[in-house]
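Read the structure below first, then the notes.
Computed from the coordinates by the stated procedures, all read-outs in this text should not be read as laboratory data. Keep in mind the model is a prediction, meaning the values are calculated, not measured. All Cβ positions, even for glycine, are placed from backbone atoms using ideal geometry, and neighbour counts span all protein chains on display.
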Amino acid sequence: MAKRVVLAYSGGLDTSVAVRWMIEEWGVEVVCVLVNVGQDAESSESFDDIKVRALAAGAMDFVVVDAREEMADDFCAKAIVANARYEGKYPLVSALSRPVIVRHLVDQARKFDAQAVAHGCTGKGNDQVRFEVGTHALAPDLEVLAPARNWGMTRADSVDYAEKWEIPIRASKEKIYSIDENLWGRAIECGAMEDPWAAPPEEPYTLTRVTNSEPFEVTVSFEAGLPVALDGVALSLADLIKTLNHRAGATGFGRLDMVENRRVGIKSREVYECPGALAIIGAHADLEDLTLEREVHHEKARLETRWAELVYDGMWFSPLKEALDAFMQETQRHVSGDVRLRFEAPGLMRVVGRRSPEALYDYGLATYDAADTFQHADSEGYFKIYGLGVKTWAARQGAKNATPTKS
Ligand code: ARG
């Protein structure tokens with residue numbers, strides 16, 4: 001009996017060619033699974049058109065899974081509480097969607113009684129790592145196939161291959177950009193951007209074109225670490241992200257241009273647009289400034305870096321990542337309140353106010369006016385003790401640090 005494979009299918013050239021190539025070269029049966037993680041929002045193509053292509057390529061079946069709410073509630077939500085930004089910048093757009101896709105690949109593999117899953121990634125990127133490590137974590141018995149790592153075809157070869165097999169593709173031989181998109185944003189690679197010195201062209205951006213040059217404010221309300229309403233209107237997390245993608249993106253906010261370290265050891269220049277993600281993380285981090293106790297806050301910042309690295313590196317389903325999730329969750333009990341965001345074209349967002357019934361900010365302690373409740377006399381003894389070690393050290397050195405090095 002032929003081996004059955006469940007392929008993560010996007011409808012693009014590579015995964016379409018992968019269907020036919022695996023049938024021809026490996027003699028397998030292929031089920032195409034398209035997981036909708038929010039990429040439909042900007043797409044000009046319907047899933048029906050994509051289905052026609054999958055079947056034309058030779059798939060025995062084609063399944064669409066709507067994972068938009070799951071992407072928001074199980075994945076973006078954890079990234080929000082972790083203020084997740086890889087290398088301090090990138091909010092993990094593609095890295096967050098791959099484990100969602102993996103979950104459904106494994107689920108469909110069970111439904112179709114398949115022995116393997118497959119993806120269309122090449123050997124140079126991070127996404128292969130996420131597919132493979134993720135699958136092994138959820139289904140150690142399943143094999144993972146990567147036809148694009150084996151076939152040795154250039155893009156032009158793939159176009160010829162699709163034509164030969166009469167697969168109705170839309171791509172041309174000179175596709176300029178590699179774009180990956182979902183609810184959390186868009187990742188844009190290749191073309192002119194492969195020169196890190198060249199400014200990115202306007203053309204590939206869709207979420208962050210300036211169409212509103214009037215400054216405006218939005219109030220984001222949080223409950224226990226998650227955004228639940230915009231300007232007092234309750235929204236599901238998926239709708240709230242989508243709304244902010246459009247409202248913030250219309251002012252040009254949300255672009256990133258960075259050189260990042262891939263897991264596979266390559267530095268790459270990447271351009272992203274993630275207006276909703278960056279607005280929400282910005283607001284959330286600000287509310288934590290108001291509500292988290294200092295030691296928790298500082299330790300959390302250290303662990304946030306680790307969390308983002310693990311997720312970037314394909315370790316979504318791993319014991320350390322899960323333990324860190326538990327820590328993050330525990331810190332969020334009091335992260336409730338409102339944050340005022342002000343947007344101004346082109347591309348500026350500022351937090352202009354925050355409030356919380358759970359705030360640790362105490363006006364009586366903070367104020368310099370007559371309402372001051374701080375016990376000034378308590379400071380004296382405290383700092384004598386606090387600075388005692390440094391004082392002893394300075395005395396031993398004969399206060400030589402007091403001499404300026406330059407006159
Ligand atoms: N560099 C980003 C990451 O590793 C984006 C990857 C985009 N993926 C793609 N297939 N174009 O998460």
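If you take all other residues with their beta carbon under 12 Å from the beta carbon of Ala59, and give Lys and Arg +1 and Asp and Glu -1, the sum is +2. Amide H to amide H, with H built 1.01 Å from N, Leu145 comes under 5 Å of Val117, Ala118, His119, counting only residues 5 or more places away or on other chains. Angle of helix 13-26 to the longest C-alpha principal axis of the chain, folded into 0 to 90 degrees and rounded to 10: 50°. Contact order, relative form, for the chain: 17 percent (alpha carbon pairs under 8 Å, 6 or more residues apart, mean separation divided by residue count). Using alpha carbons only, how many degrees (0 to 90, rounded to 10) separate the axis of helix 155-164 from the longest principal axis of the chain? Here the helix axis deviates by roughly 30 degrees. Applying both filters, DSSP loop and at most 10 other Cβ atoms within 10 Å, to the chymotrypsin sites (Phe, Trp or Tyr not before Pro) of segment 332-390 gives Tyr368.
The overall shape of segment 337-405, judged from the alpha-carbon gyration tensor, is oblate: a/c is not under 1.5, and a/b is no greater than b/c.
Would you be so kind as to identify which of Ser318, Ala285, Gln329 lies farthest towards the positive end of the dipole of segment 282-338, taking Lys and Arg as +1 and Asp and Glu as -1 on Cβ and the Cα centre as origin? Of the listed residues, the answer is Ser318.
Here the 3J(HN,Hα) profile of segment 355-363, calculated from phi with Karplus coefficients 6.51, -1.76 and 1.60 at θ = phi - 60°, is 8, 7, x, 9, 4, 9, 5, 10, 4 Hz, Gly and Pro shown as x. Quick one: net charge of Pro201's neighbours, Cβ under 14 Å, K/R +1, D/E -1? Local net charge: -4. Longest stretch of the chain clear of exposed loop sites (GluC sites (Glu not before Pro), DSSP loop, at most 16 other Cβ atoms within 10 Å, sites excluded): 203-292.
With the Cα gyration tensor of segment 213-265 giving a ≥ b ≥ c as the square roots of its eigenvalues, does the rule (a/c under 1.5 for rounded; else a/b larger than b/c for prolate; else oblate) give rounded, prolate or oblate? Verdict is oblate for segment 213-265. The angle between the Cα long axis of helix 93-111 and the longest principal axis of the Cα atoms of the chain comes to about 50 degrees, rounded to the nearest 10.
Summary of the geometry: segment 7-56 and segment 259-311, compared by the centres of their Cα atoms, lie 32 Å apart. Close amide H contacts of Val30 (hydrogens built in the peptide plane, cut-off under 5 Å, sequence separation of 5 or more or a different chain): Val5, Met60. Residues in segment 118-126 carry Karplus couplings, in order, of 9, 9, x, 6, 7, x, 9, x, 8 Hz; the curve used is 6.51 cos²θ - 1.76 cosθ + 1.60 with θ = phi - 60°, and Gly or Pro positions show x. Of the trypsin sites (Lys or Arg not before Pro) found in segment 322-407, those that fall in a DSSP loop while having at most 11 other beta-carbon atoms within 10 Å are Arg333, Lys406.
Counting helices only, and only those DSSP H runs with n ≥ 4, report the 222 nm mean residue ellipticity of the chain as the sum of -39,500 (n - 2.57) divided by its residues, in deg cm²/dmol to the nearest 500.
-12000 deg cm²/dmol
For segment 265-407, a/c is not less than 1.5, where a ≥ b ≥ c are the root eigenvalues of the C-alpha gyration tensor, and a/b tops b/c. That puts it in the prolate class. Counting every other Cβ atom within 10 Å of each residue's Cβ, Cys121, Cys190, Cys274 order from fewest to most as Cys190, Cys121, Cys274. With only Cα atoms counted, segment 253-310 has Rg and Dmax values of 14.3, 39 Å. With no solvent and one point per C-alpha, what does the Debye sum give as log10 I(q)/I(0) for segment 74-124 at q = 0.25 Å⁻¹? Results for segment 74-124 at q = 0.25 Å⁻¹ read -0.95. Computed from phi, the 3J(HN,Hα) profile of segment 206-220 under the Karplus parametrisation 6.51, -1.76, 1.60 (θ = phi - 60°) reads 10, 8, 10, 8, 6, 10, 9, 9, 7, x, 8, 10, 10, 9, 9 Hz, with x in place of Gly and Pro. Just to confirm the filter: which chymotrypsin sites (Phe, Trp or Tyr not before Pro) across segment 142-230 are DSSP coil and have at most 10 other Cβ within 10 angstrom of their Cβ? The qualifying sites are Trp197.
For the chain, the Cα gyration tensor yields ellipsoid semi-axes of 47, 24, 22 Å (square root of five times each eigenvalue, largest first, whole Å).
Write down the percent of antiparallel bridges among all DSSP beta bridges whose residues are both part of the chain, to the nearest 5.
In the chain, approximately 70 percent of DSSP beta bridges are antiparallel ones.
Mean sequence separation of contacting Cα pairs (under 8 Å, at least six apart), scaled by the length of segment 175-308, corresponds to a relative contact order of 26 percent. Annotation: amide H-H contacts under 5 Å for Tyr86 (H modelled 1.01 Å from N, sequence separation of 5 or more, or interchain): Leu92.
One Cα centroid belongs to segment 95-133, the other to segment 226-252; the line between them spans 29 Å.
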